[in-house]
Amino acid sequence: QNSMVLSAAIFITLIGLIIYLHFVKIDQESLLVIGSLGIQVTSSYASGKESTTFIEMGQVKDVVINEAVHMQKVIYYLCILLQDPGDPQGVSEVVPLFQSSKPRLDCLIEVYKSCQEILEQRKTAPQ
């Protein structure tokens with residue numbers, strides 16, 4: 001009886017670990033910005049599975065560094081502000097980036113500057 005309970009507990013633990021590695025544990029996050037097309041966000045999980053999200057450049061209003069207070073600590077994260085179709089000055093959605101990797105502020109600043117350069121080129125380019 002005890003060995004059966006122990007075997008069931010081990011089996012459930014292994015299933016839980018496999019589910020965690022496949023759906024939760026993100027190994028790597030990447031951001032690809034192409035001024036004429038859009039922004040691609042890719043998350044690679046520990047199991048090898050990849051999740052990709054594409055945001056058309058026409059939807060992007062801006063890219064910003066946001067800050068939040070979490071457990072007596074200030075954390076910084078990069079966000080994409082999506083344009084509200086009904087209100088050109090409004091923001092319809094905020095898409096946070098690099099939530100799992102949580103890069104330091106100096107790394108976020110480098111990515112932010114690169115994104116801003118591409119966004120500025122898009123604004124100044126003839127339509």
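Could you state the angle between the C-alpha long axis of helix 2-23 and the longest principal axis of the C-alpha atoms of the chain, as a value from 0 to 90 degrees rounded to the nearest 10?
That helix lies at roughly 10 degrees to the long axis.
Rounded to the nearest 10 Å², what accessible area does residue 106 have for a 1.4 Å probe in the complete protein model?
The accessible area of residue 106 comes to roughly 80 Å².
On a full-extension model of 0.36 nm per residue, what is the gain between residue 54 and residue 36, subtracting their alpha-carbon distance, rounded to one decimal in nm? Mind dumping the intermediate values first?
Values: separation 18, 0.36 × 18 = 6.48 nm, distance 1.31 nm.
Result for the pair: 5.2 nm of gain on full extension.
Calculate the spin-label point distance for residue 19 paired with residue 107, positioning each point 7 Å from the Cα along the beta-carbon direction, and give it in nanometres.
Rounded to a tenth, the inter-label distance reads 3.0 nm.
Figure the gain on full extension for residue 10 and residue 28 (residue separation times 0.36 nm, minus the Cα-Cα span) and round it to one decimal in nm.
On the way: separation 18, 0.36 × 18 = 6.48 nm, distance 2.88 nm.
Contour length minus Cα-Cα distance gives 3.6 nm.
Report the relative contact order of the chain, percent, no decimals, based on alpha-carbon pairs under 8 angstrom and at least 6 residues apart.
Details: 176 pairs, mean separation 23.1, N = 127.
Computed value for the chain: 18 percent relative contact order.
In debye to the nearest 20, how big a dipole does the chain give about its Cα centre with +1 on each Lys and Arg Cβ and -1 on each Asp and Glu Cβ? Intermediate results must be reported in sequence, preceding the final value.
Details: 9 positive and 13 negative charges, 72 e Å.
Rounded to the nearest 20 debye, it is 340 debye.
Given the Cα-Cα distance of residue 84 and residue 99 and 0.36 nm per residue of separation, how much length would full extension add, in nm?
Numbers: separation 15, 0.36 × 15 = 5.40 nm, distance 2.34 nm.
Net length gain for the segment: 3.1 nm.
Specify which residue in the list 7, 105, 119 is farthest towards the positive end of the charge dipole of the chain, using unit charges on the beta carbon of Lys, Arg (+1) and Asp, Glu (-1), about the Cα centre.
The Cα lying farthest towards the positive end belongs to 7.
Go through [x] 42; [y] 37; [z] 17 and flag the label whose value is the computed percent of Cα pairs over 25 Å apart for this structure.
Checking each listed value against the structure points to [x].
Once you keep just the Cα pairs under 8 angstrom separated by 6 or more residues, what percentage relative contact order results for segment 32-77? Please report the intermediate quantities before stating the final value.
Numbers: 46 pairs, mean separation 11.8, N = 46.
Computed over segment 32-77, the figure is 26 percent.
For the chain, compute the number of Lys pairs whose alpha carbons are separated by less than 22 Å, excluding pairs fewer than 8 positions apart on the same chain. Kindly include the intermediate steps, with their values, before the conclusion.
Working: 25/49; 25/102; 49/102; 61/113; 61/123; 73/102; 102/113; 113/123.
Qualifying lysine pairs in the chain: 8.
Short version: ³J(HN,Hα) in whole Hz for each residue of segment 27-36, in order, from phi by Karplus 6.51 cos²θ - 1.76 cosθ + 1.60 (θ = phi - 60°), x for Gly and Pro, what are they?
Karplus-based 3J(HN,Hα) across segment 27-36 equals 8, 8, 10, 9, 10, 10, 10, 10, x, 7 Hz.
Where does helix 105-124 land angle-wise versus the long Cα axis of the chain, in degrees 0 to 90, nearest 10?
40
The values are calculated or read from the model by the stated rules, or taken from the named source; none is laboratory data. Source: prediction; values computed, not measured. Please note: Cβ atoms are built from the backbone with ideal geometry, for glycine as well, and neighbour counts cover all protein chains shown. The area values use the complete protein model at the heavy-atom level, side chains included, leaving out ligands, DNA and RNA. Shrake-Rupley method; radii C 1.70, N 1.55, O 1.52, S 1.80 Å.
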